Amino acid sequence: MHSVIDLGHNLGLRVVAEGVETGAVLAHLSHRGCDLVQGYLLSRPVPLERLADWLATECTAERGAGRGASTAGPDARTAVPVTA
């Protein structure tokens, strides 16, 4: 996993980990320098209308609080930043 993350960074890319389901995996990815995550840890898939509401409220509130990945994220298909 570390090699894939390094390869992406060496190519000037942001690295997204998909399928993150546990806090332990999130912590490992954060330690390894992964940029973004998505998966059921954040949220199960939701309707577009709910995603729009979440982006208008939760995402703004988390950025203001200086938080990164949330356990109440918008959608399993939406990536959020990884923080230690």
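Kirkwood Rh over Cα pairs of region 1-56 into Stokes-Einstein at 37 °C, 0.692 mPa s: D in µm²/s?
D = 263 µm²/s.
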Long-range HN-HN contacts of Ala17 with modeled amide H, under 5 Å: Leu36, Val37, Gln38
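Coordinate-derived values only; no laboratory data. Keep in mind the model is a prediction, meaning the values are calculated, not measured.
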